[in-house]
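Asks: Here's a structure for you.
The values are calculated or read from the model by the stated rules, or taken from the named source; none is laboratory data. Quantities reported herein were computed from a predicted structural model and do not represent experimental measurements. Cβ atoms come from the backbone with ideal geometry, glycine included; neighbour counts cover every protein chain shown.
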Amino acid sequence: MPDYKDATNAIHSGVRQTQEQENSEAIFATSSFAYSSAEEAASKFSGEENGNVYSRFTNPTVELFEKRLATLEKGEAAIATSSGMAALMTMAYSLLSAGDKVVCSRNIFGSTVKFFSTYTTKFGVEVVYVDATDYQAWEDAIDEKTKLCYFETPSNPLYEVVDVQRVADLAHEKGALLCVDTVLATPALQNPLTQGADIVMQSATKFIDGQGRTLGGALISSKEIVEVFTAFMRSAGPCMSPFNAWVLVNGLETLALRMTAHSANALKLAQFLEAHPKVKKVNYGGLPSHKYHELAKRQQKDFGGLLSFEVEGGREAAWQVINSANLVSITGNLGDTKTLVTHPATTTHGRLTDEEKAKAGIVEGLIRVSVGLEDIEDIITDFDGALSQI
Ligand SMILES: *Cc1c(COP(=O)(O)O)cnc(C)c1O
């Protein structure tokens with residue numbers, strides 16, 4: 001293919017038309033593939049001849065999603081998984097052995113902490129948590145045993161932004177790999193592989209789908225590293241379904257446009273909330289007042305659709321606002337056309353102890369908003385009405 005730009009690649013890359021001459025991508029809803037002879041089956045199974053064998057190994061629809069995502073993330077290759085957590089598991093079990101160490105940001109998705117702390121330590125892997133924006137802490141924690149460094153940027157729900165190149169340099173100095181979770185930015189707004197990261201982790205469940213319909217995940221990296229993941233996938237099987245891959249291929253086509261629209265709405269809501277007398281603080285990278293505004297501007301094309309804000313009056317006031325809003329959905333998901341709200345302290349971060357919550361900055365008055373694509377005036381009116389109930 002010629003060297004097309006991102007908007008073109010989002011629509012055309014990876015496409016392989018079948019003899020039916022379909023213009024929309026086909027869904028290969030098949031678990032296995034049939035051959036014309038025993039000889040052909042033997043050579044496909046042995047890998048002597050290229051071709052599909054079984055959908056846990058390869059599936060054309062899933063491959064299309066992988067190719068297109070790899071192109072947009074500026075990686076050599078990608079592997080799709082059944083969910084974002086399945087991508088994390090695939091990476092951890094492929095790369096880590098007993099005696100290895102993981103240095104991980106503390107400011108990450110709750111299930112990621114749970115997975116690292118419970119299921120990798122079980123096999124003799126040490127996990128050390130650091131404050132994501134404390135570069136001295138990264139430097140002190142990364143040693144010769146460290147195999148993997150891991151963080152999210154921007155982080156959920158406080159919108160902390162981590163300097164990718166800076167942590168990548170610290171990791172590479174000791175021979176460790178850096179994996180970055182950019183679920184909130186998506187490949188449309190940030191490409192960590194061009195900023196020093198070795199692996200990108202995506203939950204396609206969020207903005208890549210964009211309409212709250214399917215679960216999916218992916219790891220994007222060099223060919224060499226993705227081959228290691230592929231070997232694990234073939235044996236362990238956390239693969240993406242062809243139907244979900246098809247939904248997500250279509251999600252990628254409109255991702256950049258949607259992220260621009262999510263970002264525009266989120267900025268307007270953030271500005272409204274910042275000026276509201278009942279709001280103590282707004283966490284959104286697009287606000288010049290935000291601690292990480294300059295770094296976000298340097299690393300990202302735009303600021304995305306997720307923000308959080310703190311109201312006076314703790315849990316009672318936060319719940320009052322959430323319960324008084326009419327238009328928005330109360331749900332733990334994010335990255336939907338619909339505006340979604342959640343109370344992190346009692347939902348997404350409810351599993352943390354009070355001490356862990358305090359360390360992570362998850363206060364009782366905090367409300368997270370995944371700003372949707374409704375008319376921004378209606379979204380603001382909804383929050384204005386809800387805030388007046390406190
Ligand atoms: C949702 C999410 C995940 C996990 O993805 P699933 O598809 O739900 O398994 C990981 N990281 C972040 C930042 C997320 O928002």
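Asks: Within the range 201-218, restricting attention to residues that are charged (D, E, K, R) and more than 9 Å from the ligand (Cβ to nearest atom), which residue is surrounded by the most Cβ atoms within 10 Å (Cβ to Cβ)? Outline the logic, then answer.
Replies: Here is the first cut: in the range 201-218, the residues charged (D, E, K, R) are 206, 209, 213.
In the following step, the residues that additionally are more than 9 Å from the ligand (Cβ to nearest atom) were identified as 209, 213.
Details: ASP209: 23, ARG213: 12.
The extreme case among them is ASP209.
Asks: Read through the list (1) part of a helix (DSSP H, G or I); (2) charged (D, E, K, R); (3) closer than 16 Å to LEU387 by Cα, then give the number of the only condition that LYS297 fails.
Replies: Every listed condition holds for LYS297 apart from (3).
Asks: When you scan the range 178-185, do you find a residue that is among the acidic types (Asp, Glu), within 16 Å of the ligand (Cβ to nearest atom) and not assigned by TED's automatic domain parsing to the domain that holds PRO288, even just one?
Replies: Residues of the range 178-185 among the acidic types (Asp, Glu): 181.
Cutting the leftovers down to within 16 Å of the ligand (Cβ to nearest atom) gives us 181.
Keeping just the survivors that are not assigned by TED's automatic domain parsing to the domain that holds PRO288 gives 181.
Yes.
Asks: Residues of the range 320-345 being within 18 Å of ASN107 (Cα to Cα) and buried (at least 18 other Cβ atoms within 10 Å of the Cβ), which ones?
Replies: Passing the criteria: LEU334, THR342, HIS343, PRO344, ALA345.
Asks: Pull up the range 346-369, narrow it to residues that are among the hydroxyl-bearing types (Ser, Thr, Tyr) and touching a helix residue (DSSP H, G or I) at 6+ places or on another chain (Cβ under 8 Å), then point me to the one that is surrounded by the fewest Cβ atoms within 10 Å (Cβ to Cβ).
Replies: Only one residue fits best here, namely THR346.
Asks: When the range 123-156 is examined, which residues are found to be among the small types (Gly, Ala, Ser) and assigned to a helix (DSSP H, G or I)?
Replies: ALA137, ALA141
Asks: Confirm whether THR118 is under 16 Å from VAL180 (Cα atoms) and assigned by TED's automatic domain parsing to the domain that holds ARG56.
Replies: It is false that THR118 is under 16 Å from VAL180 (Cα atoms) and assigned by TED's automatic domain parsing to the domain that holds ARG56.
Asks: Okay, next question. Can you find even one residue in the range 87-108 that is over 26 Å from the mean Cα position of the chain (by Cα), away from the ligand (no atom under 16 Å from the Cβ) and over 30 Å from TYR159 (Cβ atoms)?
Replies: Scanning the range 87-108 turns up at least one residue that is over 26 Å from the mean Cα position of the chain (by Cα), away from the ligand (no atom under 16 Å from the Cβ) and over 30 Å from TYR159 (Cβ atoms).
Asks: Determine which single condition GLU139 fails, assuming it passes every other condition in (1) within 16 Å of the ligand (Cβ to nearest atom); (2) farther than 16 Å from GLN300 by Cα.
Replies: Unmet condition: (1).
Asks: Additional query: Quickly run through the range 166-209 and pick out the residues that are outside any strand (DSSP E or B), under 15 Å from SER105 (Cα atoms) and of a type in the set (D, E, K, R).
Replies: Residue satisfying the conditions is ARG166 alone.
Asks: Of everything in the range 61-83 that's within 12 Å of the ligand (Cβ to nearest atom) and crowded, with 24+ Cβ neighbours inside 10 Å, which residue is farthest from ASN191 (Cα to Cα)?
Replies: Residue satisfying both the conditions and the ranking: THR81.
Asks: Now for a different question. Tally up the residues in the range 35-70 that are among the polar types (S, T, N, Q), without any contact (Cβ under 8 Å) to a residue 24 or more places away in the chain and closer than 17 Å to THR230 by Cα, please.
Replies: Kept after step one, since they are among the polar types (S, T, N, Q), are these residues of the range 35-70: 36-37, 43, 46, 50, 52, 55, 58-59, 61.
Of the ones still in play, those that are also without any contact (Cβ under 8 Å) to a residue 24 or more places away in the chain are 36-37, 43, 46, 50, 52, 58.
Then keep just the ones that are closer than 17 Å to THR230 by Cα; that gives 46, 50, 52, 58.
Number of matching residues: 4.
Asks: Filter the range 286-319 down to residues that are within 18 Å of PHE272 (Cβ to Cβ) and either in contact with a Pro (Cβ under 6 Å, 6 or more places away or on another chain) or crowded, with 16+ Cβ neighbours inside 10 Å (or both), then give me how many there are.
Replies: 15
Asks: Out of the range 334-352, which residues are away from the ligand (no atom under 15 Å from the Cβ) and modelled with pLDDT under 85?
Replies: LEU352
Matching residues to (1) among the hydroxyl-bearing types (Ser, Thr, Tyr); (2) more than 22 Å from ARG258 (Cα to Cα); (3) more than 14 Å from the ligand (Cβ to nearest atom):
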{"position": "TYR150", "(1), (2), (3)": "yes, yes, no"}
{"position": "PRO154", "(1), (2), (3)": "no, no, no"}
{"position": "TYR159", "(1), (2), (3)": "yes, no, no"}
{"position": "VAL164", "(1), (2), (3)": "no, yes, yes"}
{"position": "VAL167", "(1), (2), (3)": "no, yes, yes"}
{"position": "LEU170", "(1), (2), (3)": "no, yes, yes"}
{"position": "ALA188", "(1), (2), (3)": "no, no, yes"}
{"position": "ASN191", "(1), (2), (3)": "no, no, yes"}
{"position": "ALA197", "(1), (2), (3)": "no, yes, yes"}
